[in-house]
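Participant: Quick one: structure below, then a few questions.
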Amino acid sequence: MTASLLPTEPFDLVIFGGTGDLAVRKLLPAMYHRFVDGQISTTSRIIGVAREGLDDAGYRNQVREAVEKSVPHIVPATLDAFIAMIGYRSLDARKADGWDEFASMIGEHPDHIRVFYLSTSPELFVDICERLGSYGLNGERSRVVLEKPIGRDLASANAINDAVARVFNESQTYRIDHYLGKETVQNLLALRFGNALFEPLWNSSHIDHVQITVAETVGVGHRAGYYDRAGALRDMVQNHILQLVCMVAMEPPSSLSPDAVRDEKLKVLRSLRPINASNAGQLTVRGQYRAGAAEGQGVPGYFDELGSDQSRTETFVALKAEIGNWRWAGVPFYLRTGKRLPSRVSEIVVTFRQLPHSIFDPASGPLLPNRLTLRLQPDEGVKLWLTIKHPGPGGLRLRHVPLDMSFATAFGVQQPDAYERLILDVVRGNPTLFMRRDEVEAAWNWAGPILEAWEASGEMPKAYTAGTWGPSAAVALIERDGRTWAEDAS
């Protein structure tokens, strides 16, 4: 049995917000996959908690429908055994009703590891943790999982972290970023530190620039209310994208122990050069989509989905970031994310410097720089773009082609969803792929002044048509440096 398929100890997974989109669409199907692979014992329990007045049977029906919808091949007996582990409790975090019975039910298995997953709005984190503490459910074998976003700014993030810390210590607190559970992100560690080919070149002497793109074809839809209070920078950049920057840019840790890895990530966040009112106009672009076409269909604009035309919330962000240390001095990191873009793709593109001198005749073709593309979604894999000779007679003709490695093709297995890995890491008490409190603070220290600069400017985000790569200013942001977005990199 491989290490990745080792079974876990019996546990109770309590999902607050258990009827929400994340729980139904991601968390519960993820647990079913791990159950099928034998990593979850039948003595474990998965308990959904929400305000809806359901009973166990009603919730089990919801879970069954969700798993059947998202999992293509199901063995009915296996699904029945999984559903038998499911329970439900109707609770309101701000009311005392039902908490006595809930605490008694959790106490039925005092030997179980307890994972309290807070898949709710951040405004409820404090109330839920205080309730758990008051009923003594925060013992040594308990952990709490906090979904992003943790706060709207540094002050609110600190308030949440302070309140959680009064109930759960830092070693029990898991701030989840599902991007860190993706196979390609973790493979960055193996690529960089397990191959003599890359790490000697992983610096400003050999790398020209880095691009990170997280693009979505969908709009805000039913999340419009939440999204209008957040925006693309809070929703994606401050957490997901900055974590990817850390994984690309961190120094080699002394080991793969959790704090050794997170110490190096923290150094990256603290080395980011400030973007504030003095330079935000030159280094950032905000956009907001208008009606257009996505995936072959006409789609409404942001105002239409929001039901208002008064919003200055950005649905697209492009940034030019720099890391002020010796390894990365002078290497720009171009970051962009947005809704209603032409394709759903998340990727990291590392472009190496151009050769200092070409020995080839110009007629042989262009001599393009080497490029390493790490695709996080939809098809996880790695491509290394190289220059080779085109086969055949008639002279030397150069071609820029990729060495292409798809995880699904290379290993012949379906890659587990990030939540499958991360939830079981919580059960095992492994915090390597989770954010430490000081990481959250450092990320807000960098992102906060950008938000303040945008607010002070009073400018509206630049309009862009749904189905395009954002406003033209995002193209100008990178092209004025003599570079271009690598939309053909994958």
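The values are calculated or read from the model by the stated rules, or taken from the named source; none is laboratory data. Note that the coordinates shown come from a computational prediction; the quantities given were computed from them, not determined experimentally. We place every Cβ from the backbone using ideal geometry, glycine too, and count neighbours over all the protein chains shown. SASA here: full protein model, heavy atoms, side chains in, ligands and nucleic acids out. Shrake-Rupley method; radii C 1.70, N 1.55, O 1.52, S 1.80 Å.
Participant: Whole percent per 5 Å bin, from 0 to the bin with the longest distance: what is P(r) over all C-alpha pairs of the range 1-93?
Facilitator: That works out to 3, 14, 26, 25, 19, 9, 3, 1, 0, in percent per bin.
Participant: Something else: Please report, in Å, the Rg and the Dmax of the range 110-171, where both are computed over Cα atoms only.
Facilitator: When restricted to Cα atoms, the range 110-171 yields Rg and Dmax of 11.5, 38 Å.
Participant: Based on the Kirkwood radius over alpha-carbon pairs, what value in µm²/s does the Stokes-Einstein equation return for the translational diffusion coefficient of the range 212-293 at 20 °C and 1.002 mPa s?
Facilitator: 139 µm²/s
Participant: First obtain the Kirkwood hydrodynamic radius of the range 148-197 from its Cα pairs, then insert it into the Stokes-Einstein equation at 10 °C and 1.306 mPa s, and state the resulting D in µm² per second as a whole number.
Facilitator: Calculated translational D: 119 µm²/s.
Participant: Around V75, with a cut-off of 13 angstrom between Cβ atoms, what is the net charge of the other residues, counting Lys and Arg +1 and Asp and Glu -1?
Facilitator: With Lys, Arg at +1 and Asp, Glu at -1, the net is -3.
Participant: On the full set of protein chains, 1.4 Å probe, figure out the accessible area of T78 and give it in Å² to the nearest 10.
Facilitator: 40 Å²
Participant: Still on this model: Roughly what % antiparallel, to the nearest 5, for the DSSP beta bridges in the chain?
Facilitator: If I count the DSSP bridges inside the chain, around 55 percent turn out antiparallel.
Participant: Let me ask something else. At a 1.4 Å probe radius, which order do E487, E216 fall into by accessible area, largest first?
Facilitator: Of E487, E216, the descending order of accessible area is E487, E216.
Participant: Oh, and also: Pairs of Cα atoms under 8 Å, at least six residues apart: use those to get the relative contact order of the range 11-135, whole percent.
Facilitator: Result for the range 11-135 is 38 percent.
Participant: If I compute solvent accessible area with a 1.4 Å probe over the protein chains, what percent of it on the chain is carbon and sulfur?
Facilitator: It is 53 percent, rounded to a whole number.
Participant: Sticking with this structure for a sec: State whether the range 33-72 is rounded, prolate or oblate according to the following rule on the C-alpha gyration tensor (a ≥ b ≥ c being the square roots of its eigenvalues): a/c under 1.5 gives rounded; otherwise a/b larger than b/c gives prolate, and the remaining case gives oblate.
Facilitator: oblate
Participant: Would you pull out the residues with amide H under 5 Å of R114's amide H, same chain only if 5 or more places away, H placed 1.01 Å from N?
Facilitator: Under 5 Å from the amide H of R114: D12, S142, R143.
Participant: Still on this structure: Label E65 and H222 with points 7 Å out from Cα along Cα→Cβ: what is the distance between them in nm?
Facilitator: 1.1 nm
Participant: I've got another one for you. Provide, as a two-decimal number, the C-alpha radius of gyration of the chain over 2.2 N^0.38 Å, N being how many residues it has.
Facilitator: Dividing the Cα Rg of the chain by 2.2 N^0.38 Å gives 1.03.
Participant: Between N325 and S121, what FRET efficiency comes out of the Förster formula 1/(1 + (r/R0)^6) with R0 = 41 Å and r the beta carbon distance, rounded to 0.05?
Facilitator: The value I calculate is 0.65.
Participant: Which value in Å does the Kirkwood hydrodynamic radius of the range 143-296 take, with 1/r averaged over all unlike C-alpha pairs and then inverted?
Facilitator: It is 18.4 Å.
Participant: In Å, the Kirkwood hydrodynamic radius of the range 1-155 over pairs of distinct alpha carbons?
Facilitator: Evaluated over the range 1-155, this radius sits at 16.2 Å.
Participant: With all distinct Cα pairs included, what does the Kirkwood hydrodynamic radius of the range 425-488 come out to in Å, to one decimal, could you say?
Facilitator: It is 15.8 Å.
Participant: Follow-up. K265: which lysines have alpha carbons under 30 Å from its alpha carbon, excluding same-chain residues fewer than 8 sequence positions away?
Facilitator: Reachable lysines: K26, K148, K182, K320, K339, K383.
Participant: While we're looking at this one, here's another question. Please report the spacing between the Cα centers of the range 440-478 and the range 25-61 in Å, no decimals.
Facilitator: Measuring centre to centre over Cα atoms gives 39 Å.
Participant: Compute the length gained on full extension between S104 and D481: take 0.36 nm times their separation in residues and subtract their Cα-Cα distance, giving the result in nm to one decimal.
Facilitator: Stretched fully, the S104-D481 segment lengthens by 129.5 nm.
Participant: Something else: Can you put H73, H357, H240 in order of accessible area, largest first, using a 1.4 Å probe?
Facilitator: H73, H357, H240
Participant: Here is a further query. If the chain between M460 and L386 were fully stretched, how many nm would it gain, using 0.36 nm times the residue separation less the Cα-Cα distance?
Facilitator: 22.4 nm
Participant: Run a plain Debye calculation on the range 157-226 (Cα atoms as equal point scatterers, no solvent) and give log10 I(q)/I(0) at q = 0.17 Å⁻¹, rounded to two decimals, same order as the q list.
Facilitator: With no solvent term, the Cα-only Debye profile gives -0.96.
Participant: With the other protein chains left in place, how much accessible area per residue, in square angstrom, belongs to the chain at a 1.4 angstrom probe? Walk me through the numbers before you get to the answer.
Facilitator: On the way: 21230 Å² over 490 residues.
Per-residue value: 43 Å².
Participant: I would also like to ask the following. When the Cα atoms of the range 71-174 are enclosed in a convex hull and the volume is divided per residue, what value in Å³ results? Let's see the in-between values first.
Facilitator: Numbers: hull volume 14.1 nm³, N = 104.
In the range 71-174, the Cα hull volume divided by residue count equals 136 Å³.
Participant: A further question on this structure: Based on the alpha carbons, how large is the Rg to Rh ratio for the range 265-366 when Rh follows Kirkwood?
Facilitator: We get a ratio of 1.11 for the range 265-366.
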